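Quick note: the coordinates plus some simple rules give every number you see, no bench work behind them. Since the model is a prediction, treat every value here as computed from it, not as a measurement. When we count neighbours, we look across all protein chains shown, and the Cβ atoms used for this are built from the backbone with ideal geometry, even at glycine.
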Amino acid sequence: MKVALDVDGCVADFYKAVCKKYNQDYNNPVLFWDTPFIVDNWKEIAADTTMWRGLEVMNEIDFDFHCYLTSVPTHIIEHRQFWIDSNNLPNKPLVVSYDKVAVAEEIGLDILIDDKPANVEAWINSGRIAIQYIPYYSKMPIKSPHYTTNFSDIKPMLKHFKNKHNGEKRIKGV
Ligand SMILES: [Mg+2]
């Protein structure tokens with residue numbers, strides 16, 4: 001089963017960086033996706049390549065996955081790759097798209113790990129498995145039966161899905 005891993009809000013602490021930039025408290029709970037100060041300042045945020053290159057790593061990745069699946073603006077792709085390399089994160093393809101389900105159809109992805117409720121919901125609606133990671137600041141709606149606030153839960157969750165998948169294949173006799 002091919003696993004896609006989102007970057008911001010899962011491994012990169014984008015939210016903390018923008019809070020610091022605009023003197024906001026990153027420990028305030030976030031109730032919905034489109035935080036007004038981020039939306040209002042998006043052009044400036046998108047242009048701040050120093051910020052993108054310096055994002056804090058919020059979680060260590062201790063499981064195998066197929067690719068990063070991220071929705072950064074096109075001009076940020078090279079800076080995202082720099083960020084992955086400079087933090088010694090696993091060397092996996094960096095796939096960039098605003099339509100993650102379309103990518104899943106195209107390259108055959110099965111499981112998505114993502115913090116954005118709308119992404120999780122769309123992925124599940126496409127008949128796939130999504131693990132919703134809930135970062136420390138998030139009080140956003142939970143859209144998947146498979147969710148966690150603890151990134152280290154993901155490895156055993158993936159193992160469970162893989163075992164189940166292999167078991168189903170055996171039952172079908174393939
Ligand atoms: Mg994200």
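Amide H to amide H, with H built 1.01 Å from N, I129 comes under 5 Å of L112, counting only residues 5 or more places away or on other chains. Shown here: the stretch 96-174, whose C-alpha atoms stretch 45, 27, 19 Å along the first, second and third principal axes, sorted largest to smallest. Excluding same-chain neighbours fewer than eight residues apart, the lysines reachable from K100 by a Cα-Cα span under 27 Å are K2, K16, K43, K92, K116, K139, K143, K155, K159, K162, K164, K169. In a simple Cβ point-charge model (Lys, Arg +1; Asp, Glu -1; nothing else charged), the stretch 3-171 has a dipole of about 460 debye relative to its Cα centre. Multiplying the residue separation of E56 and T74 by 0.36 nm and removing their Cα-Cα distance gives an extension gain of 4.4 nm. Backbone N atoms of the stretch 19-44 closer than 16 Å to the 7 Å Cα→Cβ label point of N87 belong to residues 19-20.
Please identify which residues in the stretch 99-114 have an amide N closer than 15 Å to a label point set 7 Å out from the Cα of K164, following the Cα→Cβ vector. Answer for the stretch 99-114: 110-113. Computed about the Cα centre, the dipole magnitude for the stretch 74-147 is approximately 240 debye when only Lys and Arg (+1) and Asp and Glu (-1) carry charge, each at its Cβ. Phi-derived couplings, Karplus 6.51 cos²θ - 1.76 cosθ + 1.60 at θ = phi - 60°, listed residue by residue for the stretch 124-133: 5, 5, 8, x, 10, 9, 10, 9, 8, 8 Hz, with x used for Gly and Pro. For the stretch 1-59, the equivalent ellipsoid built from the Cα gyration tensor has semi-axes of 20, 14, 12 Å, listed from largest to smallest.
Here A47 and D99 are evaluated by their C-beta separation; at R0 = 25 Å the FRET efficiency comes out at 0.60. Calculate the spin-label point distance for K155 paired with C67, positioning each point 7 Å from the Cα along the beta-carbon direction, and give it in nanometres. Calculated label separation equals 2.6 nm.
Dipole of the chain computed with +1 at Lys/Arg Cβ and -1 at Asp/Glu Cβ about the Cα centre; of F37, L94, I154, farthest Cα towards the positive end is I154.
Given in Å, the Rg to one decimal and the Dmax to the nearest whole number for the Cα atoms of the stretch 3-171 are 16.0, 56. Residues whose amide H comes within less than 5 Å of that of Y147, counting only those at least five positions distant or on another chain, are Q132 (H built at 1.01 Å from N in the peptide plane).
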